[in-house]
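Heads up: the structure comes next, in structure tokens.
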Amino acid sequence: MARPELVQIPSQPLERYRDLLGEEFPLYEAVAGRAREEFAGRAIWHVNSTAKGGGVAEILRSLLPYVRGVGVDTRWVVPREGPEFFTVTKRLHNHLHEDPGDGGPLGDKERALYEAAVRASAAQLAQLIQPDDIVYLHDPQTAGLIPAVKQTGVRVIWRCHIGVDQPGELARGGWDFLRPYVEAADAYVFSRERYVWEGLEASKVWLMPPSIDAFAPKNQELEPATVEAILGEIGVGAEVGAAPTFVRGDGSPGRVERRAELLQEESLPAAAKLVIQVSRWDRLKDPGGLLDCFAQYIDDSGVHLALIGPTSSAVADDPEGTLVYREVAEGWRRLAEEKRRRAHLVSLPMDDLDENAAMVNALQRRADVVVQKSIAEGFGLTVAEAMWKDKPVVASRVGGIQDQIVSGESGLLIDDPRDLRGFAVGIGGFLTDPALAGRIGQAARQRVKERFLAIGRLREYVELVASLIDGGA
């Protein structure tokens, strides 16, 4: 088996947030001092299934650089598993969302395959960690590591980023598959209270919503000319004279140079109104449903739709991505000619993650309305990203999305994720009333500032790790 991937984590100073936080900033300096003192001499390992693509990787990239920046030895490792393993864990992922996914079982055969894979990964991880370290495992792909890692003497945190508001037979079946491994952890972290599994020891449970980094390439400020230049470089918009530049995560200059994989009949006109959704090519994100909404109800000839995701082969832990993209592409080909002209499927390269983030940033900033039409959602970081950019968001009232948006104040929630007309009415309301869109966008940014920035999670993170060092959750 290939050795696990050690992901490089840049170091970022908390000082970046001084002006943004104002008089609250000294509180975080105090947290940083505590972390340096209490965590000295030990490493904190984060383990997840992929270094690029998906919300967990985004969360780690937004938080861990600041943990390193305060002087804590923080590391990130990704085991290298095979396709059969990811077929099982994708099935688990879907079941935890109360969705049948591919319809396959989670029986003895699947458990044997899962345990064989994590057994090899646990042996490799055990060679890296020391007894005083803390190991922070993320999502179903890593849950099976918990018992073996615990045998090395370290403290183990397991974080579940996904869940469902009303668990049924499928979700509880996923819990039962994972419970023999999960129960051994020293602490459990969930994004929402409603995601906490029945039967887990309450004293071990922590609640931490995900967050974004305001200064990362995906969220940093971009001038309008730079936005247009990036869209031109990737092929979505017309080429312009400005340079498609951005600032990389390490502070060095970057430039967008790769093109996106595009399915479109023409580039986006400069005067067009743009509605977008950014997500994996995943049925639970329902890009096909948004395309149907556009086809049936968005008749304004000046409105374009862009469905944006990663190149489908780039996300190692999502074996369904290529198939879902093909389904959406077939839907695009079936559109009436006039609608097809106004619809764009955009698959962004993942070779350079900072470059990819700058592309997403530019597309979100160019958008007039951002949609997240998820059938189920753990949290939905793309919602917070769009809100931070003052964008009105129309989204399903599911999962963590409803924690981010106060409907009618900082965005709009649609009660039924499959209500195409409801989404169309919400989108149209923002497109036809720029003043309303502006007010909602400003309120959205303020809500993210108050609740969903990475530095806000730092204090909770330090408290959790410190509690394990002190002997209990």
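Every number in this text was worked out from the coordinates using simple rules, so none of it is lab data. Remember, predicted model here, so these are calculated numbers, not experimental data. Note that each Cβ is placed from the backbone with ideal geometry, even for glycine, and that neighbours are counted across all protein chains shown.
Here are a few things to note about the model shown:
- In order through segment 224-231: 3J(HN,Hα) via Karplus (6.51 cos²θ - 1.76 cosθ + 1.60), integer Hz, x for Gly, Pro: x, 5, 5, 4, 5, 5, 5, 4
- Residue 341-residue 130 FRET efficiency (beta carbon distance; Förster radius 45 Å; 0.05 resolution): 0.15
- Close amide-amide hydrogen proximity is noted between residue 138 and 47, 159, each under 5 Å apart and 5 or more residues distant or on a separate chain (H modeled in the peptide plane; Pro and chain starts excluded).
- Cα gyration tensor shape for segment 325-441, rounded if a/c is under 1.5, else prolate or oblate: rounded
- Full extension of the segment from residue 415 to residue 176, taken as 0.36 nm per residue of separation minus the current Cα-Cα distance, would add 83.1 nm.
- Computed [θ] at 222 nm, deg cm²/dmol, the chain (DSSP H ≥ 4; -39,500 (n - 2.57); rounded to nearest 500): -13000 deg cm²/dmol
- Against the chain, whose longest principal axis is taken from its Cα atoms, helix 454-469 shows a tilt of about 10°.
- For segment 355-430 and segment 234-312, distance of Cα centres in Å: 15
- Three semi-axes of the equivalent ellipsoid, segment 266-402, Cα gyration tensor, whole Å, largest first: 21, 18, 16
- Descending semi-axes in Å of segment 236-318, equivalent ellipsoid built from Cα gyration tensor: 26, 21, 11
- Relative to the longest principal axis of the Cα atoms of the chain, helix 287-297 runs at roughly 20 degrees.
- Residues whose amide H falls under 5 Å from that of residue 5, counting only those 5 or more places apart or on a different chain, are 78, 80, with hydrogens built in the peptide plane.
- Placing pseudo-labels 7 Å out from each Cα toward the beta carbon at residue 202 and residue 165 gives an inter-label distance of 2.4 nm.
- Counted charge near residue 340, where neighbours are those whose Cβ lies closer than 9 Å (Asp, Glu -1; Lys, Arg +1): +2
- Between residue 250 and residue 108, the simple spin-label model (points 7 angstrom out along Cα→Cβ) gives 5.2 nm.
- Nearest 10 degrees, 0 to 90: helix 25-38 Cα axis against the chain principal axis: 30
- Computed from backbone phi, the HN-Hα couplings of segment 445-453 come to 4, 5, 5, 5, 4, 7, 10, 10, 8 Hz, rounded to whole numbers (Karplus: 6.51 cos²θ - 1.76 cosθ + 1.60, θ = phi - 60°; Gly and Pro given as x).
- For segment 162-240, the list of GluC sites (Glu not before Pro) that fall in a loop by DSSP and count at most 15 other C-beta atoms within 10 angstrom reads 198, 201, 221, 239.
- Amide H contacts under 5 Å for residue 255, placed H, 5+ residues apart: 246
- For the chain, the spread of Cα coordinates along the three principal axes comes to 63, 52, 40 Å, biggest extent given first.
- Cβ charges +1 (Lys, Arg) and -1 (Asp, Glu), total dipole of the chain, debye: 220
- Derived scalar couplings ³J(HN,Hα) [segment 419-428; Karplus, 6.51 cos²θ - 1.76 cosθ + 1.60; whole Hz; x for Gly, Pro]: 7, 4, 5, x, 4, 4, 5, x, 4, x
- Were the residues from residue 193 through residue 73 laid out at 0.36 nm apart, the gain over their Cα-Cα distance would be 40.2 nm.
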